[in-house]
Amino acid sequence: MKSAVFYGKHDLRVEESPLPEVGEKDVLIEVKACGVCGTDVHIYEGDKGAADVTPPTILGHEFSGVIAEVGSQVTKFKAGDRVCIDPNCYCGSCDFCRNGLAHYCTDMIGYGTTVNGGFAQFCSVNERQVYLLGENTSFEQGAMAEPAACCLHGIDMCEIRPGSSVVVIGGGMIGLLMLQLARLAGASRIALVEPVESKRQVALKLGADLVIDPLNEDIKNKLKENGMTWVNAVIECVGKPATISQAIDIVGNTGVVMMFGLTKPDETISVKPFEIFQKEIVLKASYINPYTQKRALELIDSGRLDVSSMICEVCGLDGLEGILSDPAVRARGKFIISPDR
């Protein structure tokens, strides 16, 4: 089968790999769509993502497709089912799993990180990680269920209540999902901070009350002019020290700063403890997607969450390295890989 195999920093090869073995409790998925994630970029650059990767590994953890074969003990799925996966497979028996913190499982299997994933024509997955797609959900939308699930975990931690004011920093795919989820959580005013005009326009279509160009506008003054004098939550979706500091500066008294964007492992930020004390700021971060995949799929299939507007192009495996290696290309929006192309 055709696959994209990671061999090390800046070394991704599209090559033929053997078909995956199908265990008794596994399903073999013919991959139809696999999203290119920021974690894939970190791995390609030689950095750690959410999990360690040992080359050679087929990357890709945001994927959907059609079941081609099921193992002998699989009872909930059949060949022909349209499905997506939660790539984080927990052991169920370590201390974290037994205490309701399965996303910190010490023996976690990660499809597309610790084992082969979805940048290939086929992937074998334990049936525990498989979810049926709704009738209204396309394969491209199904591939977006995993990032949407991660965003749901983050939004749950932001303490947004009906009437809250929220600022989202970064108008990429994650920021645009967070914008919508903040509205669904009850926020009455939502501002998006984003330097790219086209992304600001998408944000307005998706429900932003205010968009701000940080390169040419004063963020605090713009918020004040539009009645957002007390910001209850700031969701940082860029993963840069400068924008995290910006979030701390923007948030209001007793507010939550959600550091959702993934920084490089060795990056640091400067924090003034007195500012944290004076404003009673709560700094939080969100790690992967515990127990949120089904909710994400329900939101997508119901049409309550738009995961399509931020998709800019569907490409074949041969285009993957060009996407991973070029920030200017990725700035255009979300890319989906279709291995059959």
Problem set entry | Only one of ILE311, ILE300, ILE323 that is in contact (Cβ under 8 Å) with a residue 40 or more places away in the chain, touching a strand residue (DSSP E or B) at 6+ places or on another chain (Cβ under 6 Å), more than 22 Å from ASP213 (Cα to Cα) and not assigned by TED's automatic domain parsing to the domain that holds VAL202 | ILE323
Exercise. Within the group VAL31, VAL27, VAL41, which residue is over 16 Å from the mean Cα position of the chain (by Cα) and closer than 29 Å to ARG332 by Cβ?
Worked result: VAL31
Exercise. Inside region 97-113, can you point out the residues that are crowded, with 21+ Cβ neighbours inside 10 Å and at positive phi?
Worked result: GLY112
Seminar exercise, completed: Of (1) of a type outside the set (Lys, Arg); (2) surrounded by fewer than 14 Cβ atoms within 10 Å (Cβ to Cβ); (3) in contact (Cβ under 8 Å) with a residue 12 or more places away in the chain; (4) over 26 Å from ALA148 (Cβ atoms), PHE277 satisfies every one except (3)
Exercise. If we scan region 74-96, do we find a residue that is of a type in the set (Lys, Arg), out of contact with any strand residue (DSSP E or B) (no Cβ under 7 Å at 6 or more places or on another chain), surrounded by fewer than 23 Cβ atoms within 10 Å (Cβ to Cβ) and closer than 24 Å to ASP11 by Cα?
Worked result: no
Exercise. If you scan region 317-341, which residues turn out to be assigned to a helix (DSSP H, G or I) and of a type in the set (Ser, Thr, Tyr)?
Worked result: SER325
Exercise. If only one of VAL202, VAL238, VAL211, VAL257 is surrounded by 14 or more Cβ atoms within 10 Å (Cβ to Cβ), in a loop (DSSP other than H, G, I, E, B) and not small (Gly, Ala, Ser), which one is it?
Worked result: VAL238
Problem set entry | Residue that is surrounded by the most Cβ atoms within 10 Å (Cβ to Cβ), among those in region 188-199 that are over 16 Å from THR243 (Cβ atoms) and within 21 Å of the chain's Cα centre (by Cα) | ILE190
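Residues checked against (1) closer than 20 Å to GLN141 by Cα; (2) in contact with a Cys (Cβ under 9 Å, 6 or more places away or on another chain):
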residue	(1), (2)
HIS42	no, no
GLU45	no, no
PRO55	no, no
GLY65	yes, yes
SER72	no, no
LYS78	no, no
ARG82	yes, no
CYS89	no, yes
For this session: Would you please name the residue that is farthest from MET258 (Cα to Cα), looking only at residues in region 214-235 that are of a type outside the set (A, V, I, L, M, F, W, C) and part of a loop (DSSP other than H, G, I, E, B)?
Result: ASN216
Seminar exercise, completed: For helices (runs of 4 or more DSSP H) lying entirely in region 82-187, having 1 or more residues that are of a type in the set (Phe, Trp, Tyr) and under 16 Å from VAL66 (Cα atoms) picks out 139-143
For this session: Would you point out the residue of region 10-67, among those that are within 13 Å of GLY110 (Cα to Cα), touching a Phe, Trp or Tyr at 6+ places or on another chain (Cβ under 6 Å) and among the aliphatic types (A, V, I, L, M), that is surrounded by the fewest Cβ atoms within 10 Å (Cβ to Cβ)?
Result: ILE58
Problem set entry | region 135-171 - residue that is in the same structural domain as ARG183 (by TED's automatic domain parsing) and among the hydroxyl-bearing types (Ser, Thr, Tyr) and, of those, surrounded by the most Cβ atoms within 10 Å (Cβ to Cβ) | SER165
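The values are calculated or read from the model by the stated rules, or taken from the named source; none is laboratory data. Given the structure is predicted, the values throughout are model-derived calculations rather than measurements. No Cβ is skipped: glycine too gets one built from the backbone with ideal geometry, and neighbour counts run over all protein chains shown.
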